[in-house]
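The next block holds one structure in the form of structure tokens; read it before the comments.
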Amino acid sequence: MQCYCGSGKTFETCCAPLIEGRAPASGAEALMRSRYSAYVLGAGEYLVATTVPEKQVPDDAKLIRQHAEVTTWLGLDVLEAKEAESGATVSFRAYYREGEGAIRVHHEKSTFRRIDGRWFYDEGTLYEASVGRNDPCPCGSGKKFKKCCMV
């Protein structure tokens, strides 16, 4: 099975080892991709554990699992990743649908910190975003959005 994060690798060789605790993220982009896959799977504990320790809220794990039950994640586009020794930023767009609702876009520039050799999500800046009529449909059909899920 292809990985949810869109890397082109299999899930078993890409994000599964990180989410299952068998390997640490090799960098901020890898962590961000694994966090996207964790949202797809509702792996709330992983998302809490990969947030900087001072911002971890254990109760969020349950909310993330509940959100995953009504959300269909459609794809991830990594727009830019910049990494330094102790910090990084990753800009991305994630496409999703809640229930039978319209397709939405989560556009964020995330910051990450390396603490004791491990990468953690710190915070994100959200940007207004939507799918344009003539954009490829995020559902993966290969059609334009206006001829597919926009209808």
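The values are calculated or read from the model by the stated rules, or taken from the named source; none is laboratory data. Model, not experiment: these values are computed from the prediction. Heads up, the Cβs are rebuilt from the backbone with ideal geometry, glycines too, and the neighbour counts pull from every protein chain shown. Note: accessible area is taken over every heavy atom of the protein model, side chains too, but ligands, DNA and RNA are not part of it. Shrake-Rupley method; radii C 1.70, N 1.55, O 1.52, S 1.80 Å.
Summed over region 120-151, the residues that are assigned to a strand (DSSP E or B) and open to solvent by 60 Å² or more (accessible area, probe 1.4 Å) give a count of 6. If you go through region 81-135 and keep only what is closer than 29 Å to residue 21 by Cα and among the β-branched types (Val, Ile, Thr), you end up with 89, 90, 105, 111, 115, 125.
Residue 104 meets each of the listed conditions (1) assigned to a strand (DSSP E or B); (2) modelled with pLDDT of 95 or more apart from (2). State whether the residues of region 57-66 include one that is within 19 Å of residue 4 (Cβ to Cβ), modelled with pLDDT of 95 or more and of a type in the set (Gly, Ala, Ser). Yes, the conditions are met somewhere in region 57-66.
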